[in-house]
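Colleague: A single structure is presented below for examination.
Quick note: the coordinates plus some simple rules give every number you see, no bench work behind them. Given the structure is predicted, the values throughout are model-derived calculations rather than measurements. Because the Cβ atoms are built from the backbone with ideal geometry, glycine has one as well, and the counts that use them run over all protein chains shown.
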Amino acid sequence: MAATIKFCGGVGRVTGSMHLLTANGAKVLIDVGLFQGRRDDYYKINSEFPINPPDLDCCIISHAHIDHCGNFPTLVTKGFKNNAYLTPSTRDLCRYMLPDSGHIQEEDIKYVNKINRRRGRPPRNPLYTKQDALNALQYLKSLNYHKKLKVAPNVDLTFFDAGHILGSSIPTIDIPTKKGMMRIVYAVDLGRPNLPYLRDPEIPEDVNYLIIESTYGGRSHSGIETTEEKLLKVVNKTIDRGGKIIIPSFALERAQEILYFLARLLRQKRMRSIPIYLDSPLAVKVTNVFKDNWEYFDKETQELFRKGQSPLSHKNITYITDVGQSKGLHDQTGPMIIISASGTCENGRILHHLKNNIENPYNTIIVVGYMPEHTLGRKIVERHPMVNIFGRPYELKAEVVVMDSFSAHADKDDIVRYVKACGKRLKKVFLVHGEPEQSEKLRQKLASLNVRVSVPKRNEIVHLF
Ligand SMILES: [Zn+2]
Ligand SMILES: [Zn+2]
């Protein structure tokens, strides 16, 4: 039995995770993530697969973040008709995440084609449409944590909990060889211990090969415990001066994490009673999936649900999907918190809330996620005195507070601890899902501990056994 792995995407960068495992003829694609970057690269890279899609035996999807599952509809449009395995919660989340992504692609291409028409260029097609995404859902097959399943000839799959977001998994693949079973473990993305409501990341036994993320391979996070205190301080300060708090947030995970902290602060009466609005149709759908999947949370959170208390609900919290209700927030006075998407402030309802609130020095914008270069979010983080919203300049007078301790990714120390816990049978560690500088720092650290480790290049093929 021979096995190779080709590191195709999410290599030397953090988006577009995709790797091809070949084991004695069986071909398995691990993650089908969407590469996010400049538009021309975006269309080129996301249209390429390392194999003719119908030739794959199956896919494995680690979790519902778009950079890990978001290119699956393209794979289906190119002829893939087999099973894609994921956990039950990831499947439930994909039902909303993938069609939403299709909708965003359609909107983007409308904008691109408007420009193309003006410049006399031919129109382009979206990578996939909302309908393509809905059609792709039929191939998603759920497999619960800790249940072993034969997913291709001589390939067994078991999911362990990655503790990164709801439904996130560490796909663990067992392949028989003459010397016994060989185990390949894929910890991309890996969470960190003590995140609110999630279970801590699990470590499978007898790991032979470990593929692990290195997003924060050279950095240490401040503890999640201090996050709630900092949030409380910023919120109270803004309430005291009568301002509004605007929080741009990703619809999956970060929005729920903030709601969790705010609801807890309200329940404990540590925060003054002000209205909180979650204004994002996708975030509202995702939050409802959270409520339906409470058995996958940590013990403390399950206990709350059992007592009939949802940790994501409170009488002060209103979920908004309706456009009219969203617009109505603009006329409402007094302190309030508005959580809205997109997380990078590039599109979505957050733009309206920023437009209406950014010029008031009593207001606060809390940045809770990574803001990539060239986005409005990054300009806010860098406190540009003027920013453009809907093509019009606005003065950035609101206070900007950046909270970077919300990360759901393992840091350098967490990853080193994880690798050490993998045990004596570990033959090699591969570092993916990281900017080169972060991966290299982690590689040096692990090499100094006598771990056999490498940072594969994009499209490198490694012969495992
Ligand atoms: Zn992720
Ligand atoms: Zn990721």
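Colleague: What does the net charge come to around V112 if you take all other residues with beta carbon closer than 12 Å to its beta carbon, with K and R at +1 and D and E at -1?
Modeller: +4
Colleague: Kindly write out, for the stretch 387-403 in residue order, the coupling ³J(HN,Hα) from the Karplus curve 6.51 cos²θ - 1.76 cosθ + 1.60 (θ = phi - 60°), rounded to whole Hz, with x marking Gly and Pro.
Modeller: For the stretch 387-403, the Karplus curve yields 10, 8, 10, 6, x, 10, x, 10, 7, 8, 10, 5, 6, 10, 10, 9, 10 Hz.
Colleague: Hey, another quick one. Quick check on the exposure proxy: order T364, T344 from fewest to most C-beta atoms within 10 angstrom.
Modeller: Fewest-to-most Cβ neighbours within 10 Å comes out as T344, T364.
Colleague: Please arrange H68, H221, H384, H164 by counting, for each residue, the other beta carbons lying within 10 Å of its beta carbon, fewest first. Don't skip to the answer; put the middle values down first.
Modeller: Values: H68 30, H221 18, H384 13, H164 27.
Going from least to most buried by this count: H384, H221, H164, H68.
Colleague: Measuring from centroid to centroid over Cα atoms, what is the spacing of the stretch 305-335 and the stretch 129-145 in Å?
Modeller: 30
Colleague: Moving on. May I ask you to list the trypsin sites (Lys or Arg not before Pro) in the stretch 153-197 that are in a DSSP loop and have at most 16 other Cβ atoms within 10 Å of their Cβ?
Modeller: Listed in order of number, the matching sites are K178, K179.
Colleague: Let me ask you something else. Rounded, prolate or oblate: which fits the stretch 353-465 when a ≥ b ≥ c are the square roots of the eigenvalues of the alpha-carbon gyration tensor, with rounded for a/c under 1.5 and prolate only if a/b beats b/c?
Modeller: Prolate is the answer for the stretch 353-465, as a/c is 1.5 or above and a/b outweighs b/c.
Colleague: Now for a different question. Using the Cβ atoms and a cut-off under 11 Å, what net charge is assigned to the surroundings of W294, where Lys and Arg are +1 and Asp and Glu are -1?
Modeller: Surrounding charge for W294 is -2.
Colleague: Okay, next question. Compute, for the chain, the length of the dipole vector about the Cα centre, with Cβ point charges of +1 (Lys, Arg) and -1 (Asp, Glu) only. Units Debye, rounded to 20.
Modeller: 400
Colleague: Also, quick follow-up: Counting only other residues whose beta carbon sits under 13 Å from that of N144, what net charge do I get with K and R as +1, D and E as -1?
Modeller: +1
Colleague: Over the stretch 224-286, what is the relative contact order in whole percent, taking alpha-carbon pairs under 8 Å and six or more residues apart?
Modeller: 38
Colleague: Can I ask one more? With r as the distance between the Cβ atoms of T4 and E382 and R0 = 51 Å, compute the FRET efficiency 1/(1 + (r/R0)^6) and round to 0.05.
Modeller: 0.70
Colleague: A 30 angstrom limit on the alpha carbon distance is what I want to check against. Which of K178/K445; K178/K420; K44/K427; K44/K379; K27/K441; K44/K110 exceed it? Display every interim value, and only then the final one.
Modeller: Working: K178/K445 33 Å; K178/K420 27 Å; K44/K427 35 Å; K44/K379 28 Å; K27/K441 32 Å; K44/K110 18 Å.
Distance filter (> 30 Å) returns K178/K445; K44/K427; K27/K441.
Colleague: Assuming R0 = 41 Å, can you tell me the calculated FRET efficiency for the pair R124 and R306, based on Cβ-Cβ distance, to the nearest 0.05?
Modeller: The calculated FRET efficiency here is 0.20.
Colleague: Follow-up question, since we're still on this one. 7 Å from Cα along Cα→Cβ at both L134 and L232: what's the point-to-point distance in nm?
Modeller: 4.6
Colleague: How about the stretch 361-417: which GluC sites (Glu not before Pro) there lie in a loop by DSSP and see at most 14 other Cβ atoms within 10 Å?
Modeller: E373, E382
Colleague: Express in % the proportion of alpha carbon pairs of the stretch 156-203 at distances exceeding 15 Å.
Modeller: In whole percent, the long-distance tail amounts to 45.
Colleague: Show log10 I(q)/I(0) for the stretch 134-286 at q = 0.15 Å⁻¹, two decimals, from a solvent-free Debye sum over equal Cα scatterers.
Modeller: The Cα Debye sum returns log10 ratios of -0.95.
Colleague: Sticking to Cα atoms, compute the Rg of the stretch 1-141 to one decimal and its Dmax as the biggest Cα-Cα distance, whole number, in Å.
Modeller: Using the Cα atoms of the stretch 1-141, the pair Rg, Dmax is 15.4, 57 Å.
Colleague: Bin width 10 Å, alpha-carbon pairs only: give the P(r) of the chain as whole percents, running from 0 to the bin holding the largest distance.
Modeller: Over the chain, the share of Cα pairs per 10 Å bin runs 4, 20, 30, 26, 14, 5, 1, 0 percent.
Colleague: Rank these for me by crowding, D414, D279, going from fewest to most other beta carbons within 10 Å.
Modeller: D414, D279
Colleague: Please give the charge dipole size of the stretch 225-406, origin at the Cα centre, charges +1 on K and R Cβ atoms and -1 on D and E Cβ atoms. Round to the nearest 20 debye.
Modeller: Numbers: 25 positive and 21 negative charges, 111 e Å.
The dipole magnitude comes to about 540 debye.
Colleague: Right, here's the next one. Run the numbers for V284 and R38: contour at 0.36 nm per residue of separation, minus the present Cα-Cα distance, in nm.
Modeller: 85.7 nm
Colleague: Please sort 265-274, 100-109, 113-122 by packing, taking for each peptide the average over its residues of neighbouring beta carbons within 10 angstrom, highest first.
Modeller: 100-109, 265-274, 113-122
Colleague: Report, in cubic angstrom per residue, the convex hull volume of the C-alpha atoms of the stretch 225-406.
Modeller: Taking the convex hull of the Cα positions in the stretch 225-406, it is 113 Å³ per residue.
Colleague: Next up: For the stretch 229-294 and the stretch 395-413, write down the distance between their C-alpha centroids in whole Å.
Modeller: The distance from the Cα centre of the stretch 229-294 to that of the stretch 395-413 comes to 15 Å.
Colleague: What ranking do 39-48, 4-13, 199-208 get when scored by the average of other Cβ atoms within 10 Å per residue, highest first? Show your work: numbers first, answer last.
Modeller: On the way: 39-48: 14.4, 4-13: 21.5, 199-208: 18.1.
With the highest mean Cβ count within 10 Å placed first, the list reads 4-13, 199-208, 39-48.
Colleague: Taking amide H positions as placed in the peptide plane 1.01 Å from N, state which residues far from K428 in sequence (5 or more) or on other chains have amide H under 5 Å from it.
Modeller: L210
Colleague: Given C-alpha coordinates of the stretch 209-273, what is the ratio Rg to Rh with the Kirkwood estimate of Rh?
Modeller: Rounded to two decimals, Rg over Rh is 1.10.
Colleague: If you count the DSSP beta bridges with both ends in the chain, what percent of them are antiparallel, to the nearest 5?
Modeller: Here the antiparallel bridges make up roughly 45 percent for the chain.
Colleague: Ok, one more. Can you give me the distance in nm between label points at K327 and N360, each placed 7 Å from the Cα along the Cα-to-Cβ direction?
Modeller: Placing both labels 7 Å along Cα→Cβ, they lie 1.9 nm apart.
Colleague: Between E225 and S313, what FRET efficiency follows from the Cβ-Cβ distance if R0 is 25 Å, with the result rounded to 0.05?
Modeller: Efficiency, rounded to the nearest 0.05: 0.60.
Colleague: What residues have an amide H closer than 5 Å to that of Y277, excluding those fewer than 5 places away on the same chain, when H is modeled at 1.01 Å from N in the peptide plane?
Modeller: For Y277, whose amide H was placed from the backbone, the distant partners under 5 Å are T318, I337, I338, I339.
Colleague: Taking only DSSP H segments of four or more residues, each worth -39500 (n - 2.57), what value at 222 nm results for the chain once the sum is divided by all its residues, to the nearest 500 deg cm²/dmol?
Modeller: Mean residue ellipticity, 222 nm, calculated: -9500 deg cm²/dmol.
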